[in-house]
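Structure record follows, encoded as structure tokens.
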Amino acid sequence: MEVVDRLLMQPHAITLNGEVRQVPTIEAIILQLLQKALAGSGRAWRALLKYQDFADRRTERKLKVQYVDNEYTRAFKKAGRGKENG
């Protein structure tokens with residue numbers, strides 16, 4: 001897998017909004033698939049889903065957000081009610 005990782009992380013030149021950028025090969029592949037998928041290609045959508053499955057399997061940790069309901073968080077929530085969001 002190290003060889004695949006190295007290949008997918010090698011820089012690749014792409015043109016995005018008229019500007020040439022160096023991005024990892026995997027990013028260039030995903031951007032191209034995304035463009036095709038948004039244009040209506042079912043095949044590109046399926047490929048993107050496979051890349052997502054691959055990435056999910058390779059991720060060691062996933063972020064888990066958990067709301068803690070206690071006296072402090074209730075007071076914090078109550079204090080924020082009187083202020084404007086702006």
- Task: Determine, yes or no, whether T15 is surrounded by fewer than 11 Cβ atoms within 10 Å (Cβ to Cβ), hydroxyl-bearing (S, T, Y) and without any contact (Cβ under 8 Å) to a residue 60 or more places away in the chain.
- Result: yes
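Out of all the residues in region 50-65, is one or more more than 16 Å from the chain's Cα centre (by Cα), among the aliphatic types (A, V, I, L, M), farther than 25 Å from E2 by Cα and modelled with pLDDT of 85 or more?
First, pick out the residues of region 50-65 that are more than 16 Å from the chain's Cα centre (by Cα): 65.
Checking which are among the aliphatic types (A, V, I, L, M) leaves us with 65.
Next, from what is left, pick out any that are farther than 25 Å from E2 by Cα: 65.
Next cut, modelled with pLDDT of 85 or more only: none.
The answer is no; no qualifying residue exists.
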- Task: Scan region 66-86 for residues that are polar (S, T, N, Q) and at pLDDT below 80 and jot them down.
- Result: N85
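Just to be sure, is A44 out of contact with any Asp or Glu (no Cβ under 9 Å at 6 or more places or on another chain), among the small types (G, A, S) and surrounded by 13 or more Cβ atoms within 10 Å (Cβ to Cβ)? Talk me through it step by step, then tell me what you get.
On the way: out of contact with any Asp or Glu (no Cβ under 9 Å at 6 or more places or on another chain): yes; among the small types (G, A, S): yes; surrounded by 13 or more Cβ atoms within 10 Å (Cβ to Cβ): yes.
So A44 fits the description; yes.
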- Can you spot a residue in region 30-40 that is at pLDDT 90 or above and exposed (fewer than 10 other Cβ atoms within 10 Å of the Cβ)? yes
- Query: Any residue at all in region 69-84 that is more than 20 Å from the chain's Cα centre (by Cα), surrounded by 10 or more Cβ atoms within 10 Å (Cβ to Cβ) and aliphatic (A, V, I, L, M)?
  - Reply: yes
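The values are calculated or read from the model by the stated rules, or taken from the named source; none is laboratory data. Predicted, not measured: the structure shown is a model, and the values here were computed from it. Cβ coordinates were reconstructed from backbone atoms using ideal geometry, including for glycine residues, and neighbour counts include every protein chain displayed.
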